[in-house]
Amino acid sequence: MARDLLFEIGVEEIPASYIQPAIDQLAAAVERELRAGRLGFGELRTFATPRRLAIIVSQVADEQEDVERDVVGPPARVAFAEDGTPTKAATGFAESQGVNVADLDVRDTGKGDYVHVHVVDHGSPSFEVLPELLRAAADSVSFPKTMRWGTGNRFARPVRWLVAMLDGVTLDMEYAGIHAQPETWGHRHWSPGPHPLAGAGDYLDVLEKNYVIADVEMRRSLIIGAAEKAAEECGGLLVRNDALLDEVTFLVEYPSVFAGRFDEGFLDLPREVIVVAMKSHQRYFAVEAEDGSLRPFFLCVANVPRGQLDGIRAGNERVLVSRLDDAAFYWKEDTRGSLESKVEALRNVTWLEGLGSLYEKTDRLERLARAIGERLDSKETDLAVRAARLAKADLVTEMVRDGKEFTELQGIMGREYALASDEPVGVATAIYEHYLPRFAGDLLPSTEAGTILSIADRLDSIVGCFSAGFIPSGSQDPYALRRQAIGLVRVILEGGLDLPLGDLVRAAEEGFDVAAGDTEPVCDAVIAFIRQRARAVFIEEGFAYDLVDAVLETRAEDLVGARKRIVALSHFREADDFKGLVIGSRRVVNILKGRPTDKVDPSELVEAASQALEGARARVEAGVASAVSTDDLNGAVRELLSLRRPIDDFFDSVMVMTEDDKLRGVRLALLGGVRDLFTGIADFSKVVLEGEQIKE
């Protein structure tokens, strides 16, 4: 007979950001422990609120599965005397396995005769083994920060109650000093409890009757539906914010949504300022009109029954007005002067210790933006240079500086202050876009000026940190250089920009005091660092790691060209000649390893196979060059594939390492030309063929 298991850990309120990872860990741990404990089970469902983590597992087996095993004991000559009488070794072994001596048998293991016994470990009832399994699962849950109280246990918050029931029967279990009881607790204020439970079947109903919606998705859906309805009643639309929605879902147990109002005069503030004032501390949703303009309303998700909302509406309105008053004051103060007037104050703000001020960084950004813009022949170069001048000025404004709740608006406020200072729209947009992308999956700059400045800012930060020795190691990356490098790679790739990394890095190095002898090591280290991030981006896009490595080995500085080559190799990987081409290229590379080669003189090739290979090489060289010049990388790879047969014929017919020095040099020179053709596309020696051992 199978039974339903209910396991609930009741706690003081857990921080919202902890809950989803915790319930995911608990579910995985319960499943893992049940499997390890040889207990069959069916569907596993999770439930979580700020005050509980709960699991319901259906069809848990009545008892553990039996396990049969063969156990090898001592050698037969030690276990039995010459007359067959069992020795102490035999009786001791039998006792250790819980069998009689008569159950032992002797088998030839290939290394001699040894005593064996077939043992059946009979499973224990689930009521006996589940307490320890559940305790182990609970112990395995980790949190960013934990508390420890009298029991010595660690958890995000103190455990206050425990439910562990199997088909209505409470398990004899203790965790964190709390004994499991057949009762749960409802909403802290509106129906605390305790409330008796008959088992897993009535768990959700009991909680809902006592103002707790334990199902996370149901709670989220209730919030969305109520918020959309409230926004409609305000004559507008809900401004969706998924991160905020996730947070409030884990802040409440019984959600209700109400609308509050603020003075329309605050709508003169930039939209983002109002939205952040609502979201950051108060966790309110905004309401907008169909044209995208904000309406003077906010939506609050409360943890109270709907009939209790009126008493808290006025308090929430007062709190938001206070925030908006602060924002209006900052805006008024900051717009007394132009954004340009704030640039001088950057002299007093240290960028990074040993790397000067933000004013010095601004100077470098202007020069670097100019160099990148001219390299791209961009019509927006002047806009990018002007945006570079103003890009960091919002960091010294009243709105953004000093860690206020609006600090997250850096870049956004730079754009708004630029517009308020009558700067060109292109400059204002570039100021905002130079922070893009801010995280994985974020938007990329949409303008040329924004793209140029985004690249310049990231390059300056990476090269500056490397020149000062602030290089990421292991999990340590205090200046988020990996994220910045990934952003740099994405901007270059998605923009299809012809920007060799070496040229970019050397241009950025000119802004720092790098000793002449140290220039190349810094440049090489930065390129290698960016290359590793590019590798991660390509693999995340779905390309095979070995093809990525093969291309980046020879095309590390040309990211756009590297992607095209990876795509082309991916298209031809399953072609009949591809495997042969890889093997042939390896033979060429291996025989040339460590040996210098000269340019081949075709007139010195005497064998037909050598002449045929040189003819094919010359023809393919022209074909590859033509294909590459028109961005036809598929055509270039197709040309290389045609070398397979001439290479095979050459190695079948010609002894390269002949004792004749001159002839050996001619043959090596021929192979050097072939190798150079391959490396123009990729290092094929890094391609892993089917059946080979794969090593990352």
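The values are calculated or read from the model by the stated rules, or taken from the named source; none is laboratory data. Since the structure is predicted, the reported quantities are computational estimates derived from the model, not experimental observations. Here the Cβ positions follow ideal geometry from the backbone for every residue, glycine too, while neighbour counts run over all protein chains shown. All accessible areas refer to the heavy atoms of the entire protein, side chains included, with ligands and DNA or RNA removed. Shrake-Rupley method; radii C 1.70, N 1.55, O 1.52, S 1.80 Å.
Every listed requirement among (1) under 24 Å from Glu405 (Cα atoms); (2) at pLDDT below 95 is met by Glu353 save one, (1). For the stretch 107-132, a residue qualifies if it is of a type outside the set (Gly, Ala, Ser), over 23 Å from Gly84 (Cβ atoms) and either touching a strand residue (DSSP E or B) at 6+ places or on another chain (Cβ under 8 Å) or open to solvent by 40 Å² or more (accessible area, probe 1.4 Å) (or both), and the qualifying residues are Val120, Asp121, His122, Pro125, Phe127, Glu128, Leu130, Pro131, Glu132. Within the stretch 534-557, the residues that satisfy the criterion of being open to solvent by 40 Å² or more (accessible area, probe 1.4 Å), of a type in the set (D, E, K, R) and touching a Lys or Arg at 6+ places or on another chain (Cβ under 9 Å) are Glu541, Glu553, Arg555, Glu557. I'd like to know if the stretch 457-469 contains one or more residues that are of a type outside the set (Ser, Thr, Tyr) and farther than 18 Å from Arg533 by Cβ. The answer is yes; a qualifying residue exists.
Yes or no, residue by residue, for (1) modelled with pLDDT of 95 or more; (2) within 23 Å of Lys392 (Cβ to Cβ):
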{"position": "Phe439", "(1), (2)": "no, yes"}
{"position": "Thr447", "(1), (2)": "yes, yes"}
{"position": "Asp457", "(1), (2)": "yes, yes"}
{"position": "Leu501", "(1), (2)": "no, no"}
{"position": "Ala515", "(1), (2)": "no, no"}
{"position": "Asp518", "(1), (2)": "no, no"}
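Note on the stretch 41-62: residues that are open to solvent by 30 Å² or more (accessible area, probe 1.4 Å) and either part of a loop (DSSP other than H, G, I, E, B) or not assigned by TED's automatic domain parsing to the domain that holds Leu197 (or both) total 3. So for the stretch 456-471 (the condition being β-branched (Val, Ile, Thr), touching a helix residue (DSSP H, G or I) at 6+ places or on another chain (Cβ under 6 Å) and more than 17 Å from Ser378 (Cα to Cα)), does at least one residue qualify? Yes, that holds for at least one residue. In the set Ala387, Ala391, only one residue is touching a His at 6+ places or on another chain (Cβ under 6 Å) and either within 30 Å of Pro255 (Cα to Cα) or in contact (Cβ under 8 Å) with a residue 40 or more places away in the chain (or both); that residue is Ala391.
Against the condition out of contact with any Leu (no Cβ under 9 Å at 6 or more places or on another chain), within 16 Å of Val273 (Cβ to Cβ) and in the same structural domain as Phe512 (by TED's automatic domain parsing), how does Glu380 come out, does it pass? No.
Please determine whether any residue of the stretch 69-77 is touching a His at 6+ places or on another chain (Cβ under 8 Å), among the acidic types (Asp, Glu) and either exposed (fewer than 14 other Cβ atoms within 10 Å of the Cβ) or in the same structural domain as Leu133 (by TED's automatic domain parsing) (or both). Within the stretch 69-77, one or more residues are touching a His at 6+ places or on another chain (Cβ under 8 Å), among the acidic types (Asp, Glu) and either exposed (fewer than 14 other Cβ atoms within 10 Å of the Cβ) or in the same structural domain as Leu133 (by TED's automatic domain parsing) (or both). The helices (runs of 4 or more DSSP H) found wholly in the stretch 198-287 and carrying at least 2 residues that are of a type in the set (Val, Ile, Thr) and open to solvent by less than 60 Å² (accessible area, probe 1.4 Å) occupy 216-233, 242-249, 271-279.
The number of residues in the stretch 590-607 that are of a type outside the set (Gly, Ala, Ser), loosely packed, with under 12 Cβ neighbours inside 10 Å and outside any loop (DSSP other than H, G, I, E, B) comes to 1. Taking the stretch 377-418 as the range and being within 13 Å of Leu453 (Cβ to Cβ), open to solvent by 50 Å² or more (accessible area, probe 1.4 Å) and in a helix (DSSP H, G or I) as the test, the residues that pass are Asp382, Leu383, Arg386.
Of the candidates Val505, Val522, the single residue that is at pLDDT 90 or above and either open to solvent by less than 50 Å² (accessible area, probe 1.4 Å) or of a type outside the set (Phe, Trp, Tyr) (or both) is Val505.
Here is a yes/no grid of residues against (1) touching a residue at least 12 places away in the same chain (Cβ under 8 Å); (2) under 17 Å from Gly680 (Cβ atoms); (3) not basic (Lys, Arg):
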site: Thr554; (1), (2), (3): yes, yes, yes
site: Asp558; (1), (2), (3): yes, yes, yes
site: Lys564; (1), (2), (3): yes, yes, no
site: Arg595; (1), (2), (3): yes, no, no
site: Arg617; (1), (2), (3): yes, yes, no
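Residue count for the stretch 658-691, restricted to those that are open to solvent by 20 Å² or more (accessible area, probe 1.4 Å), under 21 Å from Ile566 (Cα atoms) and part of a helix (DSSP H, G or I): 5.
To keep it simple, each residue is scored yes or no on (1) assigned by TED's automatic domain parsing to the domain that holds Glu366; (2) part of a loop (DSSP other than H, G, I, E, B); (3) open to solvent by 50 Å² or more (accessible area, probe 1.4 Å); (4) free of Cβ contacts under 8 Å to residues at least 24 places away in the same chain.
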{"residue": "Leu436", "(1), (2), (3), (4)": "yes, yes, no, no"}
{"residue": "Ser454", "(1), (2), (3), (4)": "yes, no, no, no"}
{"residue": "Leu459", "(1), (2), (3), (4)": "yes, no, no, no"}
{"residue": "Ile462", "(1), (2), (3), (4)": "yes, no, no, no"}
{"residue": "Ile471", "(1), (2), (3), (4)": "yes, yes, yes, no"}
{"residue": "Tyr479", "(1), (2), (3), (4)": "yes, yes, yes, no"}
{"residue": "Gln484", "(1), (2), (3), (4)": "yes, no, no, no"}
{"residue": "Glu494", "(1), (2), (3), (4)": "yes, no, yes, no"}
